[in-house]
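Scroll down for the structure; my scribbles are underneath it.
The values are calculated or read from the model by the stated rules, or taken from the named source; none is laboratory data. Because the structure is predicted, anything quoted here is derived from the model rather than measured. Positions of Cβ are backbone-derived with ideal geometry, glycine not excepted, and every protein chain shown enters the neighbour counts.
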Amino acid sequence: MSTARKFFVTAESIQRRRRGVFHGLFAPPVAVWSFRQLDFRRNTFIFETKMNPRGLLLLLVFGTVPLLCRAEIDSGKAYGTLQGTVEDQTTKQPACCTVMITDSTGKTVIENESFGAGFRCDGRFSKQLPPGRTRVLVTRGFETRAVEKIIDMPAGGKEEVNVSLERVVDLRRKGWYAGDSHVHMIHGEKTIRVSFDEVALVARAEDLQYLSLAQNWILDQPTPENLTAQLFPRSRPNCTLTWSLEEPKNYYRGDAGRCLGHCWTVGMRGRTTSGEDVVRVLLQASAHDYESDKPTFANFESHRLIHEQGGAVFYTHPARWWTGSWGGQGGYPKREETRISNLAAELPLDTLAGPTFDGVDVMTTGGEFQANEMAFDLWSLLLNHGYRLAGTASSDACFDRPDGATPGVVRTYTYLPDGFSLPGVAKAMAQGRNFITSGPLLLVSAAGQPPGSVFPANGKSTRLEIEAWASGADSKGLSRLEILRNGQPVQTSLFSPLLATVKTNFSFAEAETAWYCVRVFGSDPQRQRAVSGAFFFNGKDYRPPSPVPARIHVILQDAVTGKELIGSVTEVFFHGTLPHAGKAHSIASGDAWVTIPATARLRAEVSGHKPLVKSPILANAALIDFITHLTAEDLLKWETFERTKRMFEETTLVFRLEPVP
């Protein structure tokens, strides 16, 4: 019997030596080495060993496990020391930032496999580097101009680099605050160590006013109080750390191929009025991967609890899916090639029944080009049908995943003219007072009002004031600006040469119900873009869509005899997993039609029988089957919404009630 182990060896140990020959300290039968993979992106060599357990015990006893690999050093390549300081140009204080050092061999210096584009520092760093031409690039979010330095590193000597960071624009001074509310401390991979201190440094280095850290966390008891005790002391006036949840994160009965949709939250309190732990309740309300034994709850039932707690909730990566291997747990057979869905499949139902949520991510990470385009089209579809939902962005960063620790790679800016607070963010974000970006910075107002504002469509002239800046990390500039009406461009400006900043306006007279937004693109239009929130114009005929109710044919039967019973049904509204009773309806003849909110369940009660609760949504097998098999393309068709509406407008619920012994 042998034990397999994988060892990750950074290419630094080979590239910086002419004779990069690896030696196993022990020969078989203690360990057998085999080359497994060369990962160019992570600059890492991966070996696998099959080790005799007794050999492994010897290694542990003699403390030699860290020395399983070593490389002979070429004495002709003496390393030098690079010492760096980074300060804010305005405050003259040390500035947290991201540093990318490319040494003379072409290697990027990293400190943690979770981030392969350099390392984060608190304003000071020291690195041992090979001699020769060395590139140092310092960045801090999007509002700060990147600084590049070229250094000739001496062999065996010392070199200093001093960097002063200058803001392209200070949006906090203009009332705009950037944040990321969809960041995982531990997503599940658990391949990389994570600490709260590291998360705090990254948030400051990315110049985020707030970062909401979601599950899972390195806490045995992640209560709201314990999370706050870790995050509050690490917060600063210009960088607030808080906890959040990617909840509901709901697979129907734990089946990753039948996703109901994932959401993120911002601004929640941690305890209900009765003292319930909101973290625990929301986690109980979602079936995660393989959790097939959990009772099923709809996403809108979690949305209700989030709103009760003062938070806002937004669907994320609504058009994301892929194929891969899945199964072998939770009662599901192993499948080598199956659809794995992160789609917002329940979104059509939640829209019609409420809407029960506040908005949808138009961007999730910077590289999901097609999925992000489809997300923008979905947002446009909802707005075009009268649903005034906010457009947002979130990174889905994961600190325990290789190259995953990139919060703020896309971010939401929210307008708070009275100053920053998390409750203020939740309220203003839900009102649509946002712009979202993967780089460029974009401020738009209509008649002096921010995005999310509503105007009468009276044919009078309205002027959009537009100001945009290229990201500080984009030295080339802005390439295009678009003004859109109802999701379609009505004016496009191409910039040649590219521009560092743009200030312009656009006047129009709107006589019909419509909405407008602005998009701006950096030098790489796919990777660098910003979208303003929407401005709404209401015609005389505009009415916000009313929630669509469910019409239920209720049948009460004795479970033993099948005889129809006389009793009542009571509306029950779940706040996560917590039930709250509502209106009662009499069932005088064994069956009756009742009209209820689509988000309610019904509790049937008959004298001498055990009460029974059913959901007109979750007990509707045809509706659930339809929703959980939607494709990304289906979400962009209004016919999908109409069919969903028809399926829950008329539903039969048969309550077979057990007699009380």
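Worth pointing out:
- Of note, Arg204 does not satisfy the criterion of being assigned to a helix (DSSP H, G or I), without any contact (Cβ under 8 Å) to a residue 12 or more places away in the chain and either farther than 20 Å from Ser394 by Cα or not small (Gly, Ala, Ser) (or both).
Okay, residues lined up against (1) surrounded by 23 or more Cβ atoms within 10 Å (Cβ to Cβ); (2) of a type in the set (Gly, Ala, Ser):
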site	(1), (2)
Glu206	yes, no
Cys259	yes, no
Ala287	yes, yes
Asp293	no, no
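- Neighbours by Cβ (under 6 Å, 6+ apart or cross-chain): first from the stretch 635-657, at pLDDT 95 or above; second among the small types (Gly, Ala, Ser): Phe655/Ala604; Arg656/Ala559; Leu657/Ala559
- Close Cβ contacts (under 7 Å, 6 or more residues apart or on different chains) running from residues in the stretch 546-565 that are of a type in the set (Ser, Thr, Tyr) to residues that are assigned to a loop (DSSP other than H, G, I, E, B) are absent.
- Filtering Gly132, Gly106, Gly116 for residues that are of a type in the set (Gly, Ala, Ser), closer than 20 Å to Arg401 by Cα and out of contact with any Gly (no Cβ under 9 Å at 6 or more places or on another chain) leaves a single hit, Gly116.
- Filter result for the condition that a residue is assigned by TED's automatic domain parsing to the domain that holds Ser181, within 21 Å of Thr412 (Cβ to Cβ) and in a helix (DSSP H, G or I), over Asp377, Asp361: Asp377
- Only one entry in Gly472, Gly432, Gly419 is buried (at least 23 other Cβ atoms within 10 Å of the Cβ), in a loop (DSSP other than H, G, I, E, B) and not assigned by TED's automatic domain parsing to the domain that holds Thr504, namely Gly432.
- Scope the stretch 502-513; condition free of Cβ contacts under 8 Å to residues at least 40 places away in the same chain and either of a type outside the set (A, V, I, L, M, F, W, C) or not in a strand (DSSP E or B) (or both); matching residues: Lys503, Thr504
Per-residue answers, yes or no, for (1) farther than 19 Å from Val86 by Cα; (2) buried (at least 16 other Cβ atoms within 10 Å of the Cβ); (3) modelled with pLDDT of 95 or more:
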{"site": "Gly106", "(1), (2), (3)": "yes, no, yes"}
{"site": "Val109", "(1), (2), (3)": "no, yes, yes"}
{"site": "Ala117", "(1), (2), (3)": "no, no, yes"}
{"site": "Asp122", "(1), (2), (3)": "no, no, yes"}
{"site": "Val136", "(1), (2), (3)": "no, yes, yes"}
{"site": "Phe142", "(1), (2), (3)": "no, yes, yes"}
{"site": "Arg167", "(1), (2), (3)": "no, yes, yes"}
{"site": "Arg172", "(1), (2), (3)": "yes, yes, yes"}
{"site": "Gly179", "(1), (2), (3)": "yes, yes, yes"}
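- Checking the stretch 253-266 against the condition returns no match, with no residue being over 29 Å from Ala632 (Cβ atoms), assigned to a loop (DSSP other than H, G, I, E, B) and in contact (Cβ under 8 Å) with a residue 12 or more places away in the chain.
- Residue check for Ala178: assigned to a strand (DSSP E or B) and in the same structural domain as Gly310 (by TED's automatic domain parsing): yes
- Within this structure, Lys107 fails the test of being in contact with a Leu (Cβ under 8 Å, 6 or more places away or on another chain), touching a residue at least 24 places away in the same chain (Cβ under 8 Å) and among the charged types (D, E, K, R).
- In a residue-by-residue description of the stretch 233-245, the property of being among the hydrophobic types (A, V, I, L, M, F, W, C), modelled with pLDDT of 95 or more, part of a helix (DSSP H, G or I) and in the same structural domain as Phe314 (by TED's automatic domain parsing) applies to no position.
- Any hit, the stretch 626-639, residues being more than 25 Å from the chain's Cα centre (by Cα), under 19 Å from His262 (Cβ atoms) and crowded, with 17+ Cβ neighbours inside 10 Å: no
- Lone qualifier among Gly391, Gly408, Gly386 - being small (Gly, Ala, Ser) and farther than 30 Å from Trp638 by Cα: Gly408
- The residue of the stretch 307-336 that is surrounded by the most Cβ atoms within 10 Å (Cβ to Cβ), among those that are assigned to a strand (DSSP E or B) and small (Gly, Ala, Ser), is Ala312.
- Which numbered condition Arg401 fails, given (1) modelled with pLDDT of 95 or more; (2) surrounded by fewer than 24 Cβ atoms within 10 Å (Cβ to Cβ): (1)
- Condition check for Thr242: touching a strand residue (DSSP E or B) at 6+ places or on another chain (Cβ under 8 Å) and among the β-branched types (Val, Ile, Thr): yes
- Any hit, the stretch 543-564, residues being of a type in the set (A, V, I, L, M), assigned to a loop (DSSP other than H, G, I, E, B) and within 15 Å of Leu657 (Cβ to Cβ): yes
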